[in-house]
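Below: the structure, in structure tokens.
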Amino acid sequence: MELRGATALVTGTNRGIGRHFALELLARGARVYATARRPELVDVPGADVLRLDITDPASVAAAAEAAGDVDLLVNNAASTAGGNLVTGDLDAIRTTMDSNYYGTLAMIRAFAPILARNGGGAVLNVLSGVAWQTVDGNTAYAAAKSAQWGLTNGVRVELAGQGTLVAALVPGLVATTTMKEFARDAGLDLGAEAMTEPADLVRIALDGLEAGEIEILDGLAVVAKRSLSGPPRALELPTAS
Ligand SMILES: NC(=O)c1ccc[n+]([C@@H]2O[C@H](COP(=O)([O-])OP(=O)(O)OC[C@H]3O[C@@H](n4cnc5c(N)ncnc54)[C@H](OP(=O)(O)O)[C@@H]3O)[C@@H](O)[C@H]2O)c1
């Protein structure tokens, strides 16, 4: 899709990848609704800032009411915590599934009619390579991302008839504060070369979207997807020595 002149809504823009999405979309000539649970923390000059919690139905409905001119929905916001499925905190596991799966779904259900009205447009869901290769220490998040991948594939089929492109961005490791803190707490020694810079990731994502791609992968995600042709195994991450 053509981004110059488009109107995008991005979730979770107060930090991390979401903020870079908002900045890069503005740089490419789109109008941007930069949304966040805490809008006072959004630092995206030139964007229209909206309060939005994707797991709160009233908040989602209010955003849809306020942003009826959207033709690109970027579902970036999610809890990435989760922990392990068997031993982890069940509330954290639910929060992770709620945001990644039900929150993304709520946004798509609210905005599908708006996208249809505005000519079809596109939805870009931010998934993860752990959708395809689980990761010990955060298996709940990996399972939520697997569910979000299934959701993305289903919605793509359902919205094809109204001309909406449904694309997935599938990153491996992205150098956000959240990822760096996760690696530090897990004793992982992830060198800079193993991680994609958020600004680079977003450029790859938006280039892919402009080219009409439905699955946009970085290097590590390519490896994770290839692993689907063999027996399931966990992603191997380097441990700090
Ligand atoms: N970093 C990576 O290595 C990596 C790799 C693959 C995929 N991803 C995916 O990329 C996306 C962004 O990751 P990130 O590293 O940028 O994460 P991040 O820095 O932790 O940011 C997460 C964002 O999501 C927001 N959020 C969480 N739950 C929300 C909710 N219910 N409603 C609205 N906003 C909510 C957070 O808001 P608050 O500040 O209010 O919590 C924050 O703005 C996620 O979907 C993640 O799964 C990241």
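The values are calculated or read from the model by the stated rules, or taken from the named source; none is laboratory data. Quantities reported herein were computed from a predicted structural model and do not represent experimental measurements. Glycine also receives a Cβ, built like all others from the backbone with ideal geometry; neighbour counts cover every protein chain displayed. These accessible areas exclude ligands, DNA and RNA; they are computed on the full protein's heavy atoms, side chains included. Shrake-Rupley method; radii C 1.70, N 1.55, O 1.52, S 1.80 Å.
Toward the positive end of the charge dipole of the chain, about the Cα centre and with charges on Cβ (Lys, Arg +1; Asp, Glu -1), which of 196, 130, 57 goes farthest?
Selected residue: 57.
Post the alpha-carbon centroid distance, segment 15-40 to segment 54-91, in whole angstrom.
The distance from the Cα centre of segment 15-40 to that of segment 54-91 comes to 15 Å.
Counting only heavy atoms of the protein chains, get the accessible area per residue of the chain (1.4 Å probe) and round it to a whole Å² value.
On a per-residue basis, 46 Å².
If you take every residue apart from residue 95 with its C-beta less than 12 Å away from the C-beta of residue 95, what net charge results, scoring Lys and Arg +1 and Asp and Glu -1?
Surrounding charge for residue 95 is -3.
Taking the Cβ of residue 129 as the centre, find all other residues whose Cβ is under 15 Å away and add up their charges (Lys, Arg: +1; Asp, Glu: -1).
0
Would you look at the GNM of the chain, springs on alpha carbons closer than 10 Å, and say which of 187, 230, 16 moves the most?
230
If you place +1 on the Cβ of every Lys and Arg, -1 on the Cβ of every Asp and Glu, and leave all else neutral, what size is the dipole of the chain about its Cα centre, to the nearest 20 Debye?
Computed charge dipole of the chain: roughly 260 debye.
Suppose every Lys and Arg Cβ carries +1 and every Asp and Glu Cβ carries -1, with no other charges. What dipole size does segment 89-182 come out with about its Cα centre, to the nearest 20 debye?
About 360 debye.
Taking all protein chains in place and a 1.4 Å probe, what share, in percent, of the accessible surface of the chain do carbon and sulfur account for?
53 percent
Above 25 Å lies some portion of the pair distances; for the chain, what is it as a whole percent of all C-alpha pairs?
In whole percent, the share of Cα-Cα pairs in the chain beyond 25 Å is 38.
Of the options 118, 97, 18, report the single residue whose Cα projects farthest towards the positive end of the charge dipole of segment 13-126 (beta-carbon charges: Lys, Arg +1; Asp, Glu -1).
118
Taking the radius of gyration and the Kirkwood hydrodynamic radius from Cα positions alone, what is the Rg/Rh ratio for segment 1-88, to two decimal places?
1.03
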